[in-house]
Amino acid sequence: MKKIVGLIIASSLSLLAVESNEVFKSCVMCHGSKGEKKALNSSTQLITMSEEVLFSKLKNIVDGSSSMSKMYIKMHRTKLRTVCGDEDIATLSNYIFKLK
Ligand code: HEC
């Protein structure tokens, strides 16, 4: 029983690849399908970031400590609401990093 509960918790904590795909759909209009665009003509292109940099920037957005404006943090957090915890952030960083 303990084992089953553990498995359920572990699988609900981590995003599946297909869910990263779903999450990233909401980023494409600004960041481009491969993260190649400068969003609203101002962001750094995601395609130029290492997986580690993506992880730390996404983590800062999710925990609210990002240096972006409050409005941008809020907008990103709405889109990233299904991304919870380091494991999900790592999965999404890996997904974005591999788009190029
Ligand atoms: C409405 C357009 C828009 C959408 C949609 C959007 N972004 Fe952004 N994003 C921006 C802009 C603009 C910036 C740069 C803001 C700044 O530097 O102040 C940015 C910055 C970023 C950064 C860099 C943050 C930093 O600290 O430098 C990351 C990472 C990022 N976005 C990821 C995402 C992801 C992942 C999604 C989808 C879940 C997403 N964005 C959706 C416009 C958007």
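The values are calculated or read from the model by the stated rules, or taken from the named source; none is laboratory data. Here the structure is a predicted model, which means the values were calculated and not measured. Positions of Cβ are backbone-derived with ideal geometry, glycine not excepted, and every protein chain shown enters the neighbour counts. The accessibility values were calculated without ligands, DNA or RNA, using every heavy atom of the protein model including side chains. Shrake-Rupley method; radii C 1.70, N 1.55, O 1.52, S 1.80 Å.
Within segment 1-34, the residues that satisfy the criterion of being modelled with pLDDT of 90 or more and over 13 Å from the mean Cα position of the chain (by Cα) are MET29, CYS30, GLY32, SER33, LYS34. Applying the condition of being over 16 Å from PHE55 (Cβ atoms) and in contact (Cβ under 8 Å) with a residue 12 or more places away in the chain to segment 78-90 and asking which residue is farthest from the ligand (Cβ to nearest atom) yields THR82. I'm trying to understand the selection: among the residues of segment 35-61, which are closer than 14 Å to MET75 by Cα and within 13 Å of the chain's Cα centre (by Cα)? Listed by number, the residues that qualify are LEU58, ASN60, ILE61. The numbered conditions (1) open to solvent by 70 Å² or more (accessible area, probe 1.4 Å); (2) of a type in the set (A, V, I, L, M); (3) within 8 Å of the ligand (Cβ to nearest atom) are all true for ALA17 except (3). Of all the criteria given as (1) part of a helix (DSSP H, G or I); (2) open to solvent by less than 80 Å² (accessible area, probe 1.4 Å), the one not satisfied by GLU22 is (2). Please specify each residue of segment 25-37 satisfying the condition of being within 8 Å of the ligand (Cβ to nearest atom) and either open to solvent by 60 Å² or more (accessible area, probe 1.4 Å) or more than 21 Å from ASP88 (Cβ to Cβ) (or both). Answer for segment 25-37, where residues must be within 8 Å of the ligand (Cβ to nearest atom) and either open to solvent by 60 Å² or more (accessible area, probe 1.4 Å) or more than 21 Å from ASP88 (Cβ to Cβ) (or both): just MET29.
Checking each residue in segment 50-100 for being small (Gly, Ala, Ser) and in contact with a Phe, Trp or Tyr (Cβ under 7 Å, 6 or more places away or on another chain) picks out ALA90, SER93.
Among the residues of segment 45-95, those identified as in a loop (DSSP other than H, G, I, E, B), open to solvent by less than 80 Å² (accessible area, probe 1.4 Å) and at pLDDT 95 or above are GLN45, MET49, SER50, GLY64, SER65, SER66, MET68, SER69, LEU80.
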